[in-house]
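Here's the structure we're looking at; comments come further down.
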Amino acid sequence: MIALTGANGYVGRALAAELAGRGLATRGLVRSPAPGANQARFELDQPIADGALAGVETLIHAAHDFRPAREPDLRRVNLDGSRRLLEAAQRAGVRRIVFVSSLAAFDGAASVYGRLKRDLERDVQAIGGVSVRPGTVYGGAGGGLFAGLERVARVAPVLPDFGPRARIRLVHVDDLKRVVARLIELPADATPPILPVAHPDEFTLREILVTLPRGARKPARFVPAPAGLALAGLRALEAAGLTPPFRSDSLIGLLHGNPAPGLAPEVLGIRLRRFGAPGA
């Protein structure tokens with residue numbers, strides 16, 4: 001039995017479908033379990049429900065709550081909640097932990113998201129688990145940061161050009177789900193504690209935005225956007241209680257990415273497709 005947090009999210013749905021397609025029994029740990037589905041209630045800011053991890057051999061933790069606006073609240077919900085989950089997994093005798101982290105997680109990360117994920121990676125490693133670090137995930141039904149970029153491309157009359165500093169490394173959701181499925185097939189001692197998963201080639205934000213659909217609108221028009229000014233504008237919107245399609249912390253992550261992510265075009269025997277290549 002494999003328990004999967006965030007099974008109703010963008011990455012979680014893809015992982016659940018991949019595991020089910022391989023004939024593996026899964027239990028989704030979600031906020032709102034569907035009637036008749038093999039799901040249990042799970043929220044990061046709530047105690048773990050009795051029986052949620054009963055009989056589970058592998059836990060894949062892919063849930064993250066972006067709703068809190070302030071860093072202390074983000075850490076209380078996501079870091080403290082994840083630690084409760086890990087403790088419950090140990091009590092329940094779960095033998096393997098796979099944490100879906102992020103390429104934004106590294107020592108010295110500038111973004112709140114990256115620092116939080118890095119802290120939890122250390123906890124996972126301390127109990128013998130594996131942290132998977134995907135790049136920006138794209139493809140499939142859409143979601144996450146890439147979905148935010150698509151919304152910007154559709155509605156904005158002009159698009160921002162942050163210059164060469166804002167760079168993104170990507171992984172297709174189909175490649176990511178296959179890597180995770182392959183990971184849990186391998187012996188626990190045959191995998192590294194941290195596994196980066198993204199194609200080594202990186203792209204500027206402009207290079208990505210220009211590829212995104214704009215419907216019947218005219219081709220994309222770009223204007224230079226000083227990163228500091230854009231960051232201040234996003235923070236002002238967030239301080240006013242608004243939710244911009246692109247979070248200020250995400251921009252920080254793009255401007256201050258991992259300088260040594262340790263990427264390879266093939267991970268655990270899975271060849272990663274390059275963004276923009278045919279079929280990608």
Let me spell it out: the conditions are (1) modelled with pLDDT of 85 or more; (2) under 21 Å from the mean Cα position of the chain (by Cα); (3) surrounded by fewer than 16 Cβ atoms within 10 Å (Cβ to Cβ), and GLY142 meets all of them except one. Which number is the exception? (1)
Output the residues belonging to the stretch 236-280 that are within 26 Å of ARG178 (Cα to Cα) and basic (Lys, Arg). ARG271, ARG273, ARG274
Within the stretch 127-138, how many residues are out of contact with any Pro (no Cβ under 7 Å at 6 or more places or on another chain) and in contact (Cβ under 8 Å) with a residue 60 or more places away in the chain? 8
How about the stretch 38-126: which helices (runs of 4 or more DSSP H) wholly inside it have at least 1 residues that are touching a residue at least 60 places away in the same chain (Cβ under 8 Å) and acidic (Asp, Glu)? 112-126
In this structure, does ALA7 turn out to be assigned to a loop (DSSP other than H, G, I, E, B), in contact with a Lys or Arg (Cβ under 9 Å, 6 or more places away or on another chain) and buried (at least 21 other Cβ atoms within 10 Å of the Cβ)? yes
Please verify whether the stretch 244-252 includes one or more residues that are of a type outside the set (D, E, K, R) and at positive phi. no
Please list, ordered by first then second residue, the pairs with beta carbon atoms under 8 Å, 6 or more apart or interchain, first in the stretch 3-15 and basic (Lys, Arg), second buried (at least 23 other Cβ atoms within 10 Å of the Cβ). ARG13/ALA7
Could you please find all residues in the stretch 117-163 being of a type in the set (Asp, Glu) and within 15 Å of ARG247 (Cα to Cα)? GLU150
Answer yes if at least one residue in the stretch 136-153 is over 26 Å from ALA62 (Cα atoms) and outside any loop (DSSP other than H, G, I, E, B), and no otherwise. yes
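The values are calculated or read from the model by the stated rules, or taken from the named source; none is laboratory data. Only a predicted model underlies this, so the values are computations on that prediction, with no experimental measurement involved. No Cβ is skipped: glycine too gets one built from the backbone with ideal geometry, and neighbour counts run over all protein chains shown.
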